[in-house]
Amino acid sequence: MSILITKRDGAPVLTGIAKISIVGFLVAISLSSVQTIWALYIDSFVHNESFVGFIASALTLISFISYFLFIPLIEKHSKSKIYSYSLILMAVAYILFALNTKFYFFVVLAFLITLMQTFRTTSFGIIVRDKSKDSCLSRNEGVLYTILNCAWVIGPLIAGIIANKYGLNLVFILSAIFIFLGFLVFMFANIKDININRKTHKDLIKNFKDFFKNKQRSLSYFIGGGVNLWWSLIYLFVPLHIMRSGLNELWVGYFLFAIAIPLILTEYHFSKLTSKYGYKKIFQAGYAFAAIISFLCFFVYNIYMVLALLVLASFGMALLEPTTETHFFKTLKKKSEENRFYGPYNTTIDFNSFVGRLFGALILLFLPFNYLFLLYGSFMFIMILISSKIKNVF
């Protein structure tokens, strides 16, 4: 409990990581609710699961570029201000999504919110890092991800129920409310981060080259993105498969609710295993478990069995989510490198999501859905091979 609550002048008070976790929890309920119905929302315009994959991959490409373009802005501005502004703009965008009925307006909104997500993700990650001592970083990440995954249990369940009874638009309204609540808590908690670089790096190409110049940082980049490869299957394609199998939005909510349960139960404990076994073995074990489950799903045609196996695969993700980002921070030599390289590191989310969505969409153009499991099982196997190249840091 000392991680979340400490004593000051004899009275119990919330720690910095506890305040950040509460904000993250409220925002994560919003994000998970939208993520639950996002593929269904796009599908309501295009009515084709392959096109859904292509549109989603195009948005991730935009996000990838923005992480590098926004490096100077991240470096020279307060992370707390960037984070608060991004929350307000995201809340407004969600309300507009709820009111929108035009495909082209959706494209404009999706483009804008993709940019806001870049600012939100980068600033939040740096705030968490700056509020954690080196010796406590892995533990704090484990606590934070456990709390965030509680939200990823609640959000999909709420979204599934509301979407089934009242439609997709009301989910966006609810998500805007939770984002705004997160903003209010963030302001009242007075969370400040003035980690600012006097010198900014504006050369896009040089930033790209310098990031990948370090071998261990490059390996950490690809390993971290493997988690997002897997989530592109779970949050984009599987909800469509559930609907095409004759089930409704409520089942999408049930499935995504269950997906986060193993993460909540085990991530904090798994995050501490790196001190005993090292990062390399943890990464290999997590990706191996997901690969085996994915290959098994190829041979299973019962939708309920497939969903149960995919929930089981989350135990593999629980080994990876709280440890991959911590490993990246351990590749940095200077504190100033956080502002410059943490944004580019987060492009691994978009790069791997883009790869997963694009190749998944191509598979669905020509082959039945179960071939996606061969594709994603192969992706996970590649991650095992990449993991074998890193230094086994403890």
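Charging the Cβ of each Asp and Glu at -1 and of each Lys and Arg at +1, and nothing else, the dipole of region 271-394 about its Cα centre rounds to 620 debye. Shape summary: the chain maps onto an equivalent ellipsoid whose semi-axes, from the alpha-carbon gyration tensor, are 30, 25, 22 Å in decreasing order. Residue exposure proxy: 94, 104, ordered by other Cβ atoms within 10 angstrom of their Cβ from fewest to most, comes out as 104, 94. Under the membrane-span-like helix rule (DSSP H runs whose alpha carbons stretch at least 24 Å along the helix axis, mean Kyte-Doolittle hydropathy -0.5 or higher), the chain yields 16-46, 49-69, 79-99, 103-130, 137-166, 168-188, 215-232, 279-298, 303-330, 336-366, 371-387. Among the chymotrypsin sites (Phe, Trp or Tyr not before Pro) found in region 279-312, those both in a DSSP coil and sparsely packed, with 15 or fewer other Cβ atoms within 10 Å of their Cβ, are 299, 301.
Stretched out straight at 0.36 nm per residue, the stretch from residue 164 to residue 48 would grow longer than its current Cα-Cα span by 39.7 nm.
Among 52, 278, 27, whose Cα projects farthest towards the positive end of the dipole of the chain, with charges put on the beta-carbon of Lys, Arg (+1) and Asp, Glu (-1)? Farthest towards the positive end: 278. In this label model, residue 272 and residue 362 are separated by 4.4 nm, measuring between points 7 Å along each Cα→Cβ vector. Calculate, for residue 107 and residue 209, the FRET efficiency according to 1/(1 + (r/R0)^6) with r their C-beta to C-beta distance and R0 35 Å; round to the nearest 0.05. Calculated value: 0.65. For region 277-354, trypsin sites (Lys or Arg not before Pro) are listed when DSSP marks them as loop and at most 12 other Cβ atoms sit within 10 Å of their Cβ; the list is 333, 334, 335. Per the Debye formula on identical point scatterers at the alpha carbon atoms of region 259-355, with no solvent, log10 I(q)/I(0) at q = 0.14, 0.16, 0.17, 0.24 Å⁻¹ is -0.64, -0.80, -0.87, -1.23. Using the rule -39500 (n - 2.57) for each DSSP H run of four or more residues, divided by the residues of the chain, the 222 nm mean residue ellipticity is -27000 deg cm²/dmol.
Remark: the chain carries a charge dipole of roughly 1520 debye about the Cα centre, counting +1 on each Lys and Arg Cβ and -1 on each Asp and Glu Cβ.
The numbers here are math on the coordinates, done by the rules we state, and not lab data. Quick caveat: nothing in here was measured; it's all calculated off a predicted structure. Cβ: placed from backbone, ideal geometry, glycine included. Neighbour counts: every protein chain shown.
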